[in-house]
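The values are calculated or read from the model by the stated rules, or taken from the named source; none is laboratory data. In this text the structure is predicted, and so the values were computed from the model without any measurement. Note: ideal-geometry Cβ built from the backbone for every residue, glycine included; neighbour counts use all protein chains shown.
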Amino acid sequence: MSIVKLYDFPILGYERGSLVVLDKPSGVPFEIKRVYYLFGTTGGVSRGFHAHKKLHQIAFCISGRCRMVVDDGINKEDFMMDSPSIGIDLPPMLWHEMHDFSADCVLLVLASDEYSESDYIRNYEAFLDGTSK
Ligand code: TYD
């Protein structure tokens with residue numbers, strides 16, 4: 001079984017284009033307290049390299065593509081993000097890294113809480129200790 005949970009949000013197809021709604025009724029499993037997005041990531045640069053203690057997030061690649069690596073302390077999986085309606089679940093205590101950003105990549109993230117540096121685990125060994133794996 002995959003450690004990657006994917007949310008496939010409905011695309012409301014109108015003749016003029018597509019629209020995706022991100023809210024509780026459409027499937028977001030937490031109250032959204034923060035939205036942020038990454039763009040203009042310099043070629044060859046990787047990002048992430050952390051887990052969160054309590055924060056729950058869902059990430060979407062709403063333009064371009066990038067490769068998300070997730071790691072629960074036992075298994076590691078790669079997911080190519082290139083669909084604006086597919087969200088990848090980033091629950092607490094899941095190490096994640098983003099690689100291979102296309103120049104036009106925009107990564108949109110829904111978060112269950114406000115920004116708090118103390119919620120980050122940026123050291124991989126400390127992450128493994130925290131998972132007891
Ligand atoms: P970070 O989450 O470390 O992103 P990445 O791992 O992709 O580089 O955030 C980068 C910087 O931005 C870091 O100094 C913290 C700051 N930041 C905020 O101030 N508020 C936020 O909501 C987020 C997500 C980051």
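Summary of values
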{"quantity": "Candidate set from region 71-116 (those that are acidic (D, E) and farther than 29 Å from S18 by Cα); member that is surrounded by the fewest Cβ atoms within 10 Å (Cβ to Cβ)", "calculated": "E114"}
{"quantity": "Matching residues, region 102-133, being under 15 Å from L90 (Cα atoms), in a loop (DSSP other than H, G, I, E, B) and among the acidic types (D, E)", "calculated": "D113"}
{"quantity": "Which listed residue is of a type in the set (S, T, N, Q), more than 13 Å from the chain's Cα centre (by Cα), within 15 Å of the ligand (Cβ to nearest atom) and at pLDDT 95 or above, from S63, S112, S116, S102", "calculated": "S116"}
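Table: residues versus (1) more than 16 Å from the ligand (Cβ to nearest atom); (2) without any contact (Cβ under 8 Å) to a residue 24 or more places away in the chain; (3) out of contact with any strand residue (DSSP E or B) (no Cβ under 8 Å at 6 or more places or on another chain).
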| site | (1), (2), (3) |
| --- | --- |
| S2 | yes, no, no |
| L12 | yes, yes, no |
| L19 | yes, yes, no |
| K24 | yes, yes, yes |
| V35 | no, no, no |
| G43 | no, no, yes |
| K53 | no, no, no |
| I58 | no, no, no |
